[in-house]
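Heads up: the structure comes next, in structure tokens.
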Amino acid sequence: MKPKCVWHDNWIIKNYTRFQNWTECRKAYNEEFGTDICRNTFKWYAEHKLGLHFDKYNYSKEQDDFLREYYPILDGPELERMYNMLFSPSKTYNKLRQRANRYLGLTKSAEFISSMQSTRAMKRKNIAPIGHMLVGDSGLRIKVARGKYRMLSRVVYEKHHGVKLKPDEYVLYLDGDNSNVSIDNLAVVTKAELAQINHALKLPRTNRNVEVTKAAIAWSRLYIANRDSHA
């Protein structure tokens, strides 16, 4: 007869928020206690016996810190784009908003609300011409078509280099000043590279040394290439 599984409830309750999903948590649990519990059994026990639900908690400290810094000042599409550039698995803006509102108690800043109200008023009246600039905490935006604004840094980079940036490519301000859209201050990095720059190297997002930023980009590319070659 197969021996009855002995569950270590305290370990699960204390540690499950460190992981992104039940698969990761179950793997760590099996390694800790030498068990071989399948993912579905582990998930059922955690949810139905212990009342734990990952949908509410599968955010790391870095992800919550990101929301604390950027949710109050960014609109939905920009917040979703930046979050998914840095973290995986990807999340919709609605999921991010739920986390920010319900579990972190965050709201949009007064400056953001005022800016959005002004933008909506201009769009309704259609008074802003093509090329109109909006100044926001995430940087400068330019009107490229009726009702459509884009980040000026992306527009400048694409026009100068004659390319079309992919959704998972991010324009980095080398000196950290998001109002400085000089082509010499712009560099394109991938989602993986940006994650290494911001979280492995912990490069500050503002007041950067240009040469240090360039070195960080080079290091991130070398690190990823070396990691992938050994995968």
Close pairs from segment 86-99: first farther than 22 Å from L172 by Cβ, partner crowded, with 18+ Cβ neighbours inside 10 Å and at pLDDT 85 or above, Cβ under 6 Å, at least 6 apart: Y93/E80
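Which members of segment 142-151 meet the condition of being in contact with a helix residue (DSSP H, G or I) (Cβ under 6 Å, 6 or more places away or on another chain) and within 16 Å of N178 (Cα to Cα)?
To start, the set of residues in segment 142-151 that are in contact with a helix residue (DSSP H, G or I) (Cβ under 6 Å, 6 or more places away or on another chain) comprises 142, 147.
Listed by number, the list holds a single entry, I142.
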I127 being in contact with a helix residue (DSSP H, G or I) (Cβ under 9 Å, 6 or more places away or on another chain) and either of a type in the set (A, V, I, L, M, F, W, C) or at pLDDT 85 or above (or both): yes
When residues of segment 84-97 are limited to those that are in contact with a Lys or Arg (Cβ under 9 Å, 6 or more places away or on another chain) and part of a helix (DSSP H, G or I), the one farthest from L194 (Cα to Cα): N84
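So, in segment 52-74, of the ones that are outside any helix (DSSP H, G or I) and free of Cβ contacts under 8 Å to residues at least 60 places away in the same chain, which residue ends up surrounded by the fewest Cβ atoms within 10 Å (Cβ to Cβ)?
H53
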Segment 179-218 - residue that is within 22 Å of the chain's Cα centre (by Cα), farther than 22 Å from L165 by Cβ and without any contact (Cβ under 8 Å) to a residue 24 or more places away in the chain and, of those, surrounded by the most Cβ atoms within 10 Å (Cβ to Cβ): L201
Within segment 125-174, tally of residues that are part of a helix (DSSP H, G or I) and touching a strand residue (DSSP E or B) at 6+ places or on another chain (Cβ under 7 Å): 6
Single unsatisfied condition, S153 versus (1) surrounded by 11 or more Cβ atoms within 10 Å (Cβ to Cβ); (2) over 19 Å from the mean Cα position of the chain (by Cα): (2)
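The values are calculated or read from the model by the stated rules, or taken from the named source; none is laboratory data. Owing to the predicted nature of the structure, the values given are computational and were not obtained by experimental measurement. Every residue, glycine among them, receives a Cβ derived from its backbone with ideal geometry; neighbour counts consider all protein chains shown.
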